[in-house]
Amino acid sequence: MNAVQADPPAFGGHDPDRTAHTAICSSTPTKCQARTRLYRGGVLEAEGFPVDDISEYLKDPTAVIWLDLRDPDREDLAVLEAEFGLHPVAVEDAVQEHERPKLDRYQSHLFMTAYGVQLSTETGELHTSELAAFITPRALITVRKDDGLDIGDVVAYWDASPDLAKAGVGFLLWGLIDNIVDGHFASVQALDDTIEGLEDQLFDDEAPGRDVQRRSFELRKSLVLLRRVVLPMREVVNALMRRDLHIVDESMLPYYQDVYDHVLRATEWTESLRDLVTTILETNLTIQSNRMNVITKKVTSWAAIIAIPTAVTGFYGQNVPYPGFQQVGGFISSVVLILGLGIGLYALFKHKGWL
């Protein structure tokens, strides 16, 4: 996937070094920044504890762990591979960039790839942020490959619904996916608003056609990229709701169904906007062609009017006698002929709408 890399600040505008600062670990075997949270019996009990303590907490069957790694390398993930029984193929996918949004099933865990997105309304460029997640029965490990996705917003989603925390990993995963899909929906909305503005420029005589074409082309590229990100999320969310995965319990199914509906709406909206941008491009070319035809008619009409005095003066400039030759009457008759024919052609062209 030819994803456009996000700017250094997080999409939410927060400092990526300090967002969700209470969950940042002071002690971690990884070289990258790590965040941790512990839920026990559906209640947030601790956060920001050392990564080495995770194995001790997981001995309690009521404990659920969230671990977030910020831009880790292969060695960082190798530290956790044995601890959580992560499959080497999944670990390799978590390190590789530009993976397709997907949900892979392994013996001891699930592996998910998704993208957060944000549209730049100034340029029409779509910024993406890739995220990988390892999903085990009692732990959610998120791997962010850049600082685009604001993990603080995800934590805020969890904190806004503490009564759902008893659903364990299904609750954490819902908050993560809901945040990502809401970002997709917001980007589609922003694209729709931008395209509406482009439609207004399309029929504005003062708007430069080249600017409309450039913006249309940039928006079309963004929509193609957004479609690549949004469309596979239908399969991801639908697969997570399968009962045989035992990730989503009955209490969380309505929430996942709501996320799935948002994914469908975002997908359908993206498809319709892509067709609309294509129509705008074609309409802009048609308008430019029509304007060129109008200009051509005007130039041709003025050329015909200007040709009249040239023809008349050329006729009267002959070195042979003609009615009114070397007389004032001949000069007057030629001027009247020039003005009469010129005004007549101007009136005719004006009547036909050529001038």
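Report, in debye and to the nearest 20, how large the dipole of the chain comes out about its Cα centre when Lys and Arg carry +1 and Asp and Glu carry -1 on their Cβ.
Working: 32 positive and 52 negative charges, 447 e Å.
Dipole about the Cα centre, nearest 20: 2140 debye.
When the solvent-accessible surface of protein heavy atoms is calculated with a 1.4 angstrom probe, in what order do 40, 18, 243 fall, highest first? Working shown, then result.
Values: 40 65, 18 135, 243 155 Å².
Listed by decreasing accessible area, they come as 243, 18, 40.
Considering only protein heavy atoms, what is the solvent-accessible area of residue 223 at a probe of 1.4 Å, reported in Å² to the nearest 10?
Accessible surface of residue 223 is approximately 0 Å².
Using only alpha carbons, build the gyration tensor for the chain and give me the equivalent ellipsoid semi-axes, biggest first, whole Å. Could you put the intermediate results ahead of the total?
Values: eigenvalues 1035, 67, 47 Å².
Working from the Cα gyration tensor, I get semi-axes of 72, 18, 15 Å.
In a Gaussian network model over the chain where Cα atoms closer than 10 Å are linked, find which of 84, 111, 331 has the largest mean-square fluctuation.
331
Straight-line reach from residue 298: which lysines fall under 21 Å, measuring Cα to Cα and dropping same-chain residues less than 8 apart?
350, 352
Once both labels are modelled 7 Å past Cα along the beta-carbon direction, what's the residue 224-residue 122 spacing in nm?
2.5
I'd like the carbon and sulfur percentage of the solvent accessible area for the range 100-221, probe radius 1.4 Å, heavy atoms only, ligands and nucleic acids excluded. Don't skip to the end; give the middle numbers.
Working: 2140 of 4670 Å².
Carbon plus sulfur share of accessible area: 46 percent.
Work out the FRET efficiency for residue 156 and residue 78 from their Cβ-Cβ distance, taking R0 = 22 Å, and round it to the nearest 0.05.
Values: r = 31 Å, r/R0 = 1.42.
Efficiency for this residue pair is about 0.10.
Given the whole protein assembly as supplied and a 1.4 Å probe, what does the accessible area of residue 334 come to in Å², nearest 10?
We get 10 Å² for residue 334.
Using a 1.4 angstrom probe, figure out how much accessible area the chain has per residue, in square angstrom, rounded to the nearest whole. Let's see the in-between values first.
On the way: 17620 Å² over 355 residues.
Accessible surface, normalised per residue, equals 50 Å².
For 26, 272, 187, what's the largest-to-smallest order of accessible area, 1.4 Å probe? Write down the numbers at each step before the final one.
On the way: 26 115, 272 60, 187 5 Å².
Sorted descending by solvent-accessible area, the residues read 26, 272, 187.
Distances longer than 16 Å among the Cα atoms of the range 142-223: what percent of all pairs is that? Show your work: numbers first, answer last.
Values: 2140 of 3321 pairs.
Looking at the range 142-223, the distances longer than 16 Å represent 64 percent of pairs.
Return the loop-located GluC sites (Glu not before Pro) in the range 154-253 (DSSP other than H, G, I, E, B) with at most 14 other Cβ atoms within 10 Å of their own Cβ; answer none if there are none.
Numbers: sites: 196, 199, 206, 218, 235, 250; in loops: 206.
Taking the range 154-253 and a limit of 14 other Cβ atoms within 10 Å, the loop GluC sites (Glu not before Pro) found are 206.
If I model a spin label at residue 313 and residue 264 as a point 7 Å from the Cα along the Cα→Cβ vector, what separation in nanometres do I get?
My value for the distance between the label points is 7.6 nm.
Any idea of residue 32's accessible area? Nearest 10 Å², probe 1.4 Å.
Residue 32 exposes around 10 Å² with every protein chain in place.
Once you've got the GNM for the chain with C-alpha springs shorter than 10 Å, pick whichever of 162, 309, 254 has the biggest mean-square fluctuation.
309
In the range 36-132, which GluC sites (Glu not before Pro) fall in coil by DSSP and have 13 or fewer other Cβ atoms within 10 Å? Don't skip to the answer; put the middle values down first.
Details: sites: 45, 47, 56, 75, 81, 83, 92, 97, 99, 122, 125, 130; in loops: 97, 99, 122, 125.
In loop regions of the range 36-132 (DSSP not H, G, I, E or B), the sparsely surrounded GluC sites (Glu not before Pro) are 97, 122.
The values are calculated or read from the model by the stated rules, or taken from the named source; none is laboratory data. Note that the structure is a prediction, hence the values are computed from the model and not measured. All Cβ positions, even for glycine, are placed from backbone atoms using ideal geometry, and neighbour counts span all protein chains on display. Ligands, DNA and RNA are excluded from the accessible area calculation, which covers all protein heavy atoms including side chains. Shrake-Rupley method; radii C 1.70, N 1.55, O 1.52, S 1.80 Å.
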